[in-house]
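Notes follow the structure.
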Amino acid sequence: MLAVSKTFEADAVRQAYAAGQQAFGENYVQEGVEKVEQVRALGACPHIVWHCIGPLQSNKTRLVAEHFDWVQSIDRLKIAQRLNEQRPAQLPPLQVCIQVNVDGGANKSGVAAGDALELAQAMAALPRLRLRGLMAIPEPAPDFETQRALFLRAKALFDELRAHGLDLDTLSLGMSDDLEAAVAAGSTMVRVGRAVFGHRERKVAAA
Ligand SMILES: *Cc1c(COP(=O)(O)O)cnc(C)c1O
């Protein structure tokens with residue numbers, strides 16, 4: 001489970017870590033980078049792992065490459081290439097997932113399913129990135145079976161990429177409202193915010 005700590009303070013992260021949670025996700029680069037540094041300064045979370053899960057613009061890639069352990073929201077090669085170039089030499093390779101648009105909505109983030117293999121093969125060749133799998137955020141659906149059917153599209157694509165020889169182990173599907181359906185479809189990582197930290201009082205900060 002990835003605990004999504006956006007809008008919550010560093011102290012909430014520290015408390016969740018003390019309860020046994022090690023992986024945390026942030027959506028907004030500026031907020032996430034500040035929190036990574038605040039939590040590091042607390043000195044109480046030595047094995048914490050930070051995931052960037054939000055939309056990523058080119059001008060923010062350096063901050064992300066320097067502060068995060070994972071990026072799940074890559075949907076174009078240019079972003080992957082910049083992260084590869086900007087990952088500091090003293091850090092291990094950045095663990096990355098490709099975000100896929102399984103609904104086909106034109107305005108949504110994520111690469112189209114039909115373009116995912118080409119992107120994955122190009123990313124797998126970048127030495128400072130380690131391609132781990134796929135992430136998807138389907139539109140909210142009213143019932144379990146509809147949710148599961150959308151998640152199964154991502155699972156089918158994941159299996160297809162693996163059949164092409166890509167060494168993937170992470171299928172990041174499911175949030176507070178649909179995590180059961182995601183797990184039923186084969187998710188290996190659910191990203192849970194409100195069901196861990198409670199209702200988000202303030203709107204998320206601007207990207
Ligand atoms: C906010 C967010 C989550 C967590 O959502 P909840 O509904 O609070 O569980 C998961 N993934 C992404 C990409 C998010 O932006």
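Kindly provide the set of residues from the stretch 166-192 that are surrounded by fewer than 21 Cβ atoms within 10 Å (Cβ to Cβ), touching a Lys or Arg at 6+ places or on another chain (Cβ under 7 Å) and not aliphatic (A, V, I, L, M), ordered by number. I'd like the intermediate steps shown before the answer.
Within the stretch 166-192, the subset surrounded by fewer than 21 Cβ atoms within 10 Å (Cβ to Cβ) is 166-170, 175-177, 179-180, 183-184, 186, 188, 190, 192.
When the remaining residues are screened for being touching a Lys or Arg at 6+ places or on another chain (Cβ under 7 Å), the result is 168-170, 175-176, 184, 186.
Residues satisfying the conditions are ASP169, THR170, SER176, GLY186.
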Original post:
Quick one: how many residues across the stretch 165-203 are charged (D, E, K, R) and within 12 Å of ALA136 (Cβ to Cβ)?
Top reply: 2
Original post:
Given the conditions (1) in a strand (DSSP E or B); (2) surrounded by fewer than 18 Cβ atoms within 10 Å (Cβ to Cβ), which single one is not true for GLY104?
Top reply: (1)
Original post:
Are any of the residues in the stretch 5-23 of a type in the set (Gly, Ala, Ser), over 21 Å from ILE98 (Cβ atoms), within 12 Å of the ligand (Cβ to nearest atom) and buried (at least 19 other Cβ atoms within 10 Å of the Cβ)?
Top reply: yes
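Considering every residue within the stretch 69-76, establish whether at least one is at pLDDT 95 or above and more than 27 Å from PHE197 (Cα to Cα). First the steps, then the outcome.
Here is the first cut: in the stretch 69-76, the residues at pLDDT 95 or above are 69-76.
Filter again for more than 27 Å from PHE197 (Cα to Cα), leaving 75-76.
Yes, the stretch 69-76 has at least one match.
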Original post:
Tally time: how many residues in the stretch 93-123 are out of contact with any Lys or Arg (no Cβ under 9 Å at 6 or more places or on another chain) and either at pLDDT 95 or above or farther than 17 Å from LEU83 by Cβ (or both)?
Top reply: 18
Original post:
Under 8 Å by Cβ, and 6 or more places apart or on different chains, what pairs join a residue from the stretch 102-128 that is touching a residue at least 40 places away in the same chain (Cβ under 8 Å) with one that is among the basic types (Lys, Arg)?
Top reply: VAL102/ARG153; ALA113/ARG153; LEU119/ARG76; ARG128/ARG87
Original post:
In the stretch 21-35, is there at least one residue being aromatic (Phe, Trp, Tyr) and not in a helix (DSSP H, G or I)?
Top reply: yes
Subject >> Hits in the stretch 145-161 (condition: without any contact (Cβ under 8 Å) to a residue 40 or more places away in the chain and out of contact with any strand residue (DSSP E or B) (no Cβ under 9 Å at 6 or more places or on another chain)) >> reply: GLU145, THR146, GLN147, ARG148, ALA149, LEU152, ALA156, ASP159
Subject >> Among (1) near the ligand (Cβ under 10 Å from one of its atoms); (2) surrounded by fewer than 19 Cβ atoms within 10 Å (Cβ to Cβ); (3) farther than 21 Å from VAL13 by Cα, the one test that ALA163 misses >> reply: (1)
Original post:
Quick check: is even one residue across the stretch 109-121 within 17 Å of PHE24 (Cα to Cα), part of a loop (DSSP other than H, G, I, E, B), out of contact with any helix residue (DSSP H, G or I) (no Cβ under 7 Å at 6 or more places or on another chain) and within 15 Å of the ligand (Cβ to nearest atom)?
Top reply: no
Original post:
Among the numbered criteria (1) surrounded by fewer than 17 Cβ atoms within 10 Å (Cβ to Cβ); (2) part of a loop (DSSP other than H, G, I, E, B), which single criterion is violated by LEU56?
Top reply: (1)
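The values are calculated or read from the model by the stated rules, or taken from the named source; none is laboratory data. Computed from a prediction, not measured in an experiment: that's the story for all the values here. Neighbour counts are summed over all protein chains in view; Cβ atoms, including those assigned to glycine, are modelled from backbone coordinates with ideal geometry.
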